[in-house]
Amino acid sequence: MATVPLPPPDAQRFNTVCQFCIVGCGYQVYKWPLGRDGGPAPADNALGVDYRQPLPALSDWISPLMHSQITGRDGRRYNVVIVPDHTCAVNEGLASVRGGGLAQTLYSPERPTKARLSEPLIAVGDTHTPLGWDQATDLGARVIKAVVDRWGADAVGMKFYDHGGGGGGFENNWAIGRFFFSGLGTRTASIHNRPAYNSEIHAAGDAGLAALTNAYLDAQLADTIVIVGANPYETQSNYYLTHMIPNLNGATLKRKRAMFGAEAVERARMIIIDPRRTMTVATAEAAGGKDRVLHLQIEPGADIALLNAIARVVLERRWHDVAFIRERTEWQTFESYQRSTLAVDRPLQEVVNEAARVAGVPASQIRQAAQWIAAPKRDGARRRTLLHYEKGLIWGLKNYENIAALVDLGLLSGNVGKPGTGVSRLGGHQEAYVRPPYPGGRPALNVDEAVRRGEVKCYWIGGCNPVLTTLRAEAMEAALRERGAVVREVLLQTQGKPVGERVTRIVEALKAGGMFILTQDIYMTASARYAHLVLPAAQWGEMNLTSINGERRLRLYQRFMDPPGAAIPDWMIMARFARRLRALYLQDRNPLKANRFLDFDWKGDEDVFIHARYQFKGDGSDAMEGYAGVTYDLLRRLGNNGIQTPTQIVNGVPVGSVRLHEDGRFFTASGRARFIPAPQPWPGYAAQVTRQRARYPFWVNNGRSNHIWQTLYHHQLIPFYSEHNPMPFLEIHAQDAKRLGVASGDLVELSNDVGKVRALAYLSDAVKPGHTFMIFGQPRGAVGDLVSDHVDPTTTIPYYKGAWAAIRRISGAPEIAKTVSFLPQNVAQ
Amino acid sequence: MVNRRGFIKVSCTGVAGLVVARHGMHSVAAQSPQTSVYPIVDIAPLSSIARGAAIPFSYPDERSPALLLRVNEPAAAGVGPNNEIVAYSTLCTHKGCPVSYKPERKLFICPCHWSTFDPVKSGTLVIGQASEALPQINLRVLAGMVQAQGVSGLIYGRYTNIV
Ligand code: SF4
Ligand code: FES
């Protein structure tokens with residue numbers, strides 16, 4: 001019989017934050033030795049809940065997935081229960097489908113998470129064999145030094161996460177940045193999901209806006225919420241359910257009245273710009289009514305045309321915020337924006353009709369969107385509009401202008417820095433960026449190309465998996481395999497030989513086109529299989545880490561268990577390598593190089609946190625992550641509500657920021673925001689993309705989905721999730737499926753000039769005919785295998801959403817599809 | 001008349017016995033070496049369950065609402081003709097709101113945060129924020145009577161199904 005053990009009153013208790021998405025929901029961890037369970041009476045369990053009766057709805061219930069057993073390094077066994085925290089302002093006690101399974105991600109020798117990496121490994125033939133940390137560090141550091149000494153620091157390439165949450169955190173990011181940028185000084189750097197070291201939103205930065213300007217509270221206060229290229233029900237679930245939905249259904253009206261006094265308030269409206277009719281559209285309609293939800297079902301690549309046409313209507317109707325523009329923006333940028341982007345010399349009708357045609361939406365919807373965004377309210381007060389965007393825009397046709405178009409619309413309508421407004425990313429992972437400056441320029445170097453061309457001699461992949469997530473992924477995998485094989489051969493031949501001789505032979509192999517690959521991760525990923533050195537990292541819960549969520553809420557995620565075997569936090573791995581490189585350069589009597597690797601002597605997680613903190617001044621000039629004055633002790637006291645960054649030191653005490661730009665200042669030299677001109681009506685497709693579109697009939701839109709996190713590195717091991725997503729699914733319209741002779745559950749193959757990949761067909765009215773949608777980065781099929789190597793030349797950001805392919809049926813439903821329900825995923829009533 | 005205590009007592013001691021539940025249904029606590037045993041409860045005569053039927057009942061006790069469905073296709077762990085008869089707890093495994101069955105959608109939908117569950121695939125979560133399938137009531141047909149005899153999965157609000 002299904003049961004969950006109840007934590008006893010004396011169970012150890014820890015605060016943590018979900019390791020998955022940007023929302024950063026608060027959770028409580030309870031841990032106690034096996035055999036010492038609590039009882040159902042409130043006094044007999046740590047939750048203080050009366051389990052003698054079935055709990056009423058919306059209680060702190062422990063679902064079976066919220067419990068698991070672990071074994072400590074001392075061999076003692078414990079029960080662990082991880083439940084959502086009802087005192088946390090972010091999620092108010094809600095779990096999402098992903099957060100509800102946090103306990104299942106913990107390492108245990110008795111569950112599938114036993115697949116965790118637990119000791120350093122070296123490649124031997126086709127497999128890997130353990131070696132100790134000292135040997136692994138020595139060999140790796142010697143190879144890196146040899147590469148730097150012979151080819152220069154840029155011959156060492158890195159691809160590392162830069163995020164918060166599970167596997168990230170300020171601590172690890174600081175150590176990684178110190179090692180590669182202050183230490184090695186390489187410019188050949190790239191971030192987990194893209195081929196370069198660049199902002200995904202350069203245009204917002206150039207405009208002077210932070211990535212995350214608003215508080216989640218603003219979604220409760222807005223008159224209109226705009227969602228561009230995002231699906232928050234599925235991928236920012238508790239932000240959407242806890243803060244947006246209550247505004248759509250009127251539950252926050254009282255709060256609005258309390259905040260805004262006499263100002264007219266009503267239930268929020270929502271505008272969703274998305275090529276798919278997602279669960280977000282369905283649930284928004286269920287909560288707010290169809291008449292308060294506007295879904296602009298846009299054609300691929302048309303964001304710029306659509307957003308600029310909306311802005312043009314706003315301007316034409318004189319709904320723009322003249323006072324804001326005059327006082328808070330650089331006026332001359334507004335003038336050029338009107339001319340170039342809004343095409344004021346062309347008739348409104350013509351601009352709107354053109355955008356309607358390109359975007360595949362009725363002109364009336366463009367006008368209505370403009371009204372909902374910027375028309376004065378019935379009492380004449382300015383409408384409060386919260387504009388959110390994510391990967392649909394970021395990874396769209398033209399990264400720079402896509403973002404510019406939305407940011408400009410926000411500035412035009414004065415919707416930043418006030419309650420109920422904002423122009424912000426919805427976000428994917430959590431954030432925790434703190435590093436010394438990247439030594440490279442802009443547009444940033446394309447590291448994928450440098451790897452393929454052979455310029456990268458040593459490639460270090462940390463906490464990410466390019467085989468599944470990069471563009472032209474098959475070509476990347478081929479480079480890792482083929483260039484790696486040259487070094488593998490040498491490692492096999494030199495087994496047992498002194499390290500000096502091995503390094504000499506490895507350098508010969510690198511000269512002959514080889515590439516030395518290091519990976520540090522928690523699992524043996526598809527990319528790690530090609531690595532010569534595999535370094536085992538600690539994960540969430542196995543170290544103390546700090547991160548911010550989508551409203552910049554900084555919390556301490558407490559360590560509550562041991563990492564498996566010899567695994568250690570990423571910062572410790574970087575410190576090991578830094579200390580070894582320092583010693584090697586000292587042996588060379590090269591103090592200049594050796595001293596680049598000073599100050600890696602941290603004793604614990606907090607030492608790294610504090611070291612990084614001195615990047616921030618606390619005087620109002622810091623980036624959005626700034627946490628001047630914050631200590632672990634302070635965060636422990638603040639619990640799961642934490643403090644919102646950036647902090648400012650007032651009377652010696654750090655004070656948080658609920659929202660950014662509230663003082664009317666922006667991150668530009670003048671302190672005023674800048675309109676970023678974008679071409680109009682839209683730039684059209686790049687040559688590669690145009691060729692693909694002409695040759696292949698189906699647009700393969702792609703992205704994340706509700707049940708699973710990123711590449712499923714944890715979720716493929718947990719039946720509840722893997723049975724739901726045994727393979728990538730491909731949403732396809734019934735008309736198209738009929739023509740192809742495809743039914744739900746059938747195995748289909750997608751192919752184009754870049755590569756091919758297989759998926760399970762999922763008939764759905766979420767997509768228009770001719771459009772499909774596939775989840776990205778699934779271990780059994782990466783959509784990156786279809787994505788061309790076209791990047792926005794201004795920013796080096798790929799057009800991940802822009803793949804076109806042919807589709808054919810391979811067979812009926814494979815055995816692994818038997819557990820999958822193919823009922824529609826966008827139905828709410 | 002069995003009260004909640006009565007159930008606990010039966011379940012904790014494993015004592016078999018005939019007990020008469022509310023609403024005139026009779027239930028038998030089956031003998032089991034386990035500490036907890038599920039009662040056997042009559043739901044409806046097989047002959048009375050037409051295609052498309054949806055019959056509310058309670059199981060394993062009166063505070064646990066459940067729904068018996070006859071779907072129009074074979075269902076996982078279904079009983080009766082073509083294995084079309086299934087039953088589920090109707091408390092959402094996210095936060096315990098009552099789910100309702102939408103025959104035109106073939107889905108259970110929760111009104112609170114819109115988790116949806118598929119009755120043909122063992123109550124699996126189609127989409128939503130629950131982290132468990134809808135608990136399926138194990139059925140059997142005995143002498144023309146459809147009976148509940150156990151539960152797969154943990155019912156919302158409980159740490160063990162028999163409390
Ligand atoms: S919404 Fe995001 S942060 Fe919150 S529980 Fe779900 S995955 Fe975790
Ligand atoms: S209670 Fe059912 S979805 Fe939340």
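Residues whose amide H falls under 5 Å from that of A:Val791, counting only those 5 or more places apart or on a different chain, are absent, with hydrogens built in the peptide plane. At the residue level, A:Glu390 shows approximately 0 square angstrom of accessible surface with a 1.4 angstrom probe and all protein chains present. The local environment of A:Val423, defined by Cβ-Cβ distances under 14 Å, has a net charge of -1 under the rule Lys, Arg +1 and Asp, Glu -1. Between A:Arg36 and A:Lys603, take the C-beta separation as r, use R0 = 25 Å, and let me know the FRET efficiency to the nearest 0.05. It comes to 0.15.
Inter-chain Cβ neighbour count for A:33-42, averaged per residue, equals 1 (cutoff 10 Å, partner chain atoms only). Most tightly packed first, judged by the mean number of other beta-carbon atoms within 10 Å of their residues, the peptides A:440-450, A:796-806 read A:796-806, A:440-450.
Once you reduce the stretch A:60-132 and the stretch B:37-115 to the center of their Cα atoms, the two points are 33 Å from each other. Note on the stretch A:12-115: semi-axes of the ellipsoid equivalent to its C-alpha gyration tensor, largest first and rounded to whole Å, are 22, 19, 11. Farthest toward the positive end of the dipole of the stretch A:687-819, out of A:Tyr713, A:His771, A:Pro697, is the Cα of A:Pro697, where the dipole comes from beta carbon charges about the Cα centre.
Shielding by partners for peptide A:2-11, expressed as the average number of C-beta atoms from other protein chains within 10 Å of each residue's C-beta, is 3.
The stretch A:459-530 and the stretch A:571-601 have their alpha-carbon centroids 23 Å apart. An ellipsoid equivalent to the stretch B:59-99, defined through the eigenvalues of its Cα gyration tensor, has semi-axes of 23, 11, 7 Å when rounded to whole angstrom and sorted largest first. A dipole drawn for the stretch A:687-819 from +1 and -1 charges on Cβ atoms has a positive end, and of A:Gly741, A:Asn752, A:Ser811 the residue lying farthest that way is A:Gly741. If R0 is taken as 45 Å, the Cβ-Cβ distance between A:Ala734 and A:Arg318 corresponds to a FRET efficiency of 0.50. Per-residue mean of foreign Cβ neighbours for B:81-87 is 0 (Cβ atoms of other chains, 10 Å radius).
Distance distribution note for the stretch B:41-152: the fraction of Cα pairs above 15 angstrom is 58%. Both numbers refer to the Cα atoms of the protein assembly as shown; Rg and Dmax are 29.0, 92 Å. Here r is the Cβ-Cβ distance between A:Ser364 and A:Arg442 and R0 is 30 Å; the resulting FRET efficiency, rounded to 0.05, is 0.15.
Here is the size of the stretch A:687-819 from its Cα atoms: Rg then Dmax, 14.6, 46 Å.
Here chain A is assigned +1 on the Cβ of each Lys and Arg and -1 on the Cβ of each Asp and Glu. Its dipole about the Cα centre then comes out at about 540 debye.
Taking 0.36 nm per residue of separation and subtracting the Cα-Cα distance, full extension of the segment from A:Arg77 to A:Tyr614 would add 189.3 nm.
Amide H contacts for A:Phe729 (H built 1.01 Å from N in the peptide plane; partners 5 or more residues away or on another chain; cut-off under 5 Å): A:Leu760, A:Ile775. In chain A, if the dipole is taken from +1 on Lys/Arg beta carbons and -1 on Asp/Glu beta carbons about the Cα centre, which of A:Val608, A:Pro130, A:Gly410 is farthest to the positive end? It is A:Gly410.
Take every pair of alpha-carbon atoms less than 8 Å apart whose residues are at least six positions apart; their mean separation over the length of the stretch A:102-147 yields a relative contact order of 21 percent. Placing +1 on the Cβ of every Lys and Arg and -1 on the Cβ of every Asp and Glu, with no other charges, gives the stretch A:218-339 a dipole of roughly 360 debye about its Cα centre. Taking packing as the residue-averaged number of other Cβ atoms within 10 angstrom, the listed peptides A:601-610, A:168-177, A:140-149 run from highest to lowest as A:168-177, A:140-149, A:601-610. For the stretch A:698-759 versus the stretch A:260-339, the spacing of their alpha-carbon centroids is 32 Å. Across all directions, the average projected area of the convex hull around the alpha carbons of the stretch A:710-769 is 5.1 nm².
With both labels modelled 7 Å from their Cα along Cα-to-Cβ, the A:Asp633 to A:Gln135 distance reads 4.4 nm. Each residue of the stretch A:96-106 is assigned a 3J(HN,Hα), and the resulting list reads 9, 4, 7, x, x, x, 3, 4, 6, 7, 6 Hz, derived from the Karplus form 6.51 cos²θ - 1.76 cosθ + 1.60 (θ = phi - 60°), x at Gly and Pro.
In terms of overall dimensions, the stretch A:238-394 has a Cα radius of gyration and Dmax of 16.5, 45 angstrom. Per-residue 3J(HN,Hα) values for the stretch B:66-75, derived from phi via the Karplus relation 6.51 cos²θ - 1.76 cosθ + 1.60 with θ = phi - 60°, read 9, 9, 9, 10, 10, 7, 9, 7, x, 10 Hz in sequence order (x marks Gly and Pro). For A:Trp460, the residues whose amide H sits under 5 Å from its own are A:Gly157, A:Met158, A:Lys159, A:Leu518, ignoring neighbours fewer than 5 places away on the same chain, with H placed 1.01 Å from N. Each residue, A:Gln53 and A:Ala806, gets one label point 7 Å from its Cα in the Cβ direction; the gap between the two is 6.6 nm.
Between A:Gln688 and A:Asp379, the contour length at 0.36 nm per residue exceeds the Cα-Cα span by 106.1 nm.
Between A:Ile649 and A:Glu508, the modelled labels are 5.7 nm apart [label points 7 Å from Cα along Cα→Cβ].
Using C-alpha pairs under 8 Å with a sequence gap of at least 6, the mean separation divided by the residue count of the stretch A:687-819 gives a relative contact order of 36 percent.
The values are calculated or read from the model by the stated rules, or taken from the named source; none is laboratory data. Note that the structure is a prediction, hence the values are computed from the model and not measured. Cβ: placed from backbone, ideal geometry, glycine included. Neighbour counts: every protein chain shown. Accessible surface is based on the protein model in full, side chains and every heavy atom, while ligands, DNA and RNA are left aside. Shrake-Rupley method; radii C 1.70, N 1.55, O 1.52, S 1.80 Å.
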